[in-house]
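The next block holds one structure in the form of structure tokens; read it before the comments.
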Amino acid sequence: MFSLLVPTIIHGLIYGVLLSAVLSGLILWSLWFNPEMWLHDAPRAVQEKYGPISAKSKRQRTLFVIPFFLVVIALPWLALQQLPQVTGQPYTFQTVFITLLVMFMTFNVVDLLLIDWLIVETWRPGFLRHSRLGQLMEGHDYWFHFVGFCKGSLGLSLVSLLVAGILAAIS
């Protein structure tokens, strides 16, 4: 098992970095294009001050999630397609689980540290700061993002377990 662990982790990291780069680019572009699309991810106090999201932003968010989820599905699928060649063995529960968990958690950490803490909370670039949403953000709420990271970690772990279980059952 240990001989499979290192290549599986490296494979997950490579695809995790790729996933992080693509999704971070999409997220940053959407924040630049219209920060209101992310109102549902703002702290409750900011959401209450802001009020309901506009119909235009709802439509834009709906259009944005299409490429976002295509990437979230396509890159793990590609990583799993290549996994037997990386390990030299058919799928196992462990290799699928580790690949997906490392891949998703890499993105989750990048999202927390780079996007949430560094860009949104610390830097707050002009395109965010000058938006109505950015003007309502008082102080820095690092804890809010950390709680989201923890919830995401749990959800991503469960998804990784589920997909690994399904693939192990059908392989």
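The values are calculated or read from the model by the stated rules, or taken from the named source; none is laboratory data. The model shown is predicted, which means the values in this text are computed figures rather than measured ones. Please note: Cβ atoms are built from the backbone with ideal geometry, for glycine as well, and neighbour counts cover all protein chains shown.
Restricting to segment 31-44, name every residue that is outside any loop (DSSP other than H, G, I, E, B) and either surrounded by 18 or more Cβ atoms within 10 Å (Cβ to Cβ) or without any contact (Cβ under 8 Å) to a residue 24 or more places away in the chain (or both). Spell out how you get there, then give the answer.
Pass one, segment 31-44, residues outside any loop (DSSP other than H, G, I, E, B): 31-33, 35-41, 44.
If the condition is that a residue be outside any loop (DSSP other than H, G, I, E, B) and either surrounded by 18 or more Cβ atoms within 10 Å (Cβ to Cβ) or without any contact (Cβ under 8 Å) to a residue 24 or more places away in the chain (or both), then 31, 35, 36, 37, 38, 39, 40, 44 are the ones that fit.
In segment 117-148, which residue that is surrounded by 13 or more Cβ atoms within 10 Å (Cβ to Cβ), in a loop (DSSP other than H, G, I, E, B) and not hydrophobic (A, V, I, L, M, F, W, C) is farthest from the chain's Cα centre (by Cα)?
Taking the candidates together, the pick is 131.
Between residues in segment 1-30 that are outside any helix (DSSP H, G or I) and residues that are among the polar types (S, T, N, Q) and buried (at least 16 other Cβ atoms within 10 Å of the Cβ), which pairs lie under 8 Å by C-beta distance while being six or more apart or on different chains?
Cβ pairs passing all conditions: none.
In segment 101-139, what count of residues is obtained for those that are basic (Lys, Arg) and in contact with a Phe, Trp or Tyr (Cβ under 8 Å, 6 or more places away or on another chain)? Give the derivation first.
Taking segment 101-139 first, the residues basic (Lys, Arg) are 124, 129, 132.
This time we only want the ones that are in contact with a Phe, Trp or Tyr (Cβ under 8 Å, 6 or more places away or on another chain), so: 132.
Residues flagged as basic (Lys, Arg) and in contact with a Phe, Trp or Tyr (Cβ under 8 Å, 6 or more places away or on another chain) within segment 101-139 amount to 1.
For the subset of segment 1-30 comprising residues that are small (Gly, Ala, Ser) and within 18 Å of residue 92 (Cα to Cα), which member is surrounded by the most Cβ atoms within 10 Å (Cβ to Cβ)?
Residues of segment 1-30 that are small (Gly, Ala, Ser), as a first pass: 3, 12, 16, 20-21, 24-25, 30.
The next check asks that each one be within 18 Å of residue 92 (Cα to Cα); those that pass are 3, 12.
Details: 3: 10, 12: 27.
Among them, the one singled out is 12.
If you go through segment 61-75 one residue at a time, do you hit one that is among the aromatic types (Phe, Trp, Tyr) and surrounded by fewer than 14 Cβ atoms within 10 Å (Cβ to Cβ)?
Yes, segment 61-75 contains at least one residue that is among the aromatic types (Phe, Trp, Tyr) and surrounded by fewer than 14 Cβ atoms within 10 Å (Cβ to Cβ).
Which of the residues that make up segment 28-66 are among the small types (Gly, Ala, Ser) and touching a helix residue (DSSP H, G or I) at 6+ places or on another chain (Cβ under 6 Å)? Step through it out loud before you land on a result.
Filtering segment 28-66 down to residues among the small types (Gly, Ala, Ser) leaves 30, 42, 45, 51, 54-55, 57.
If the condition is that a residue be among the small types (Gly, Ala, Ser) and touching a helix residue (DSSP H, G or I) at 6+ places or on another chain (Cβ under 6 Å), then 30, 57 are the ones that fit.
Which one of these is at pLDDT 95 or above and closer than 21 Å to residue 104 by Cβ: 4, 19? Don't jump to the end; show me each part of the working.
Values: 4 fails: at pLDDT 95 or above.
It is 19.
Is it true that some residue in segment 159-167 is assigned to a helix (DSSP H, G or I) and at pLDDT below 95?
Step one: list which residues in segment 159-167 are assigned to a helix (DSSP H, G or I), which gives 159-167.
Now restrict to residues that are at pLDDT below 95: 167.
Yes, that holds for at least one residue.
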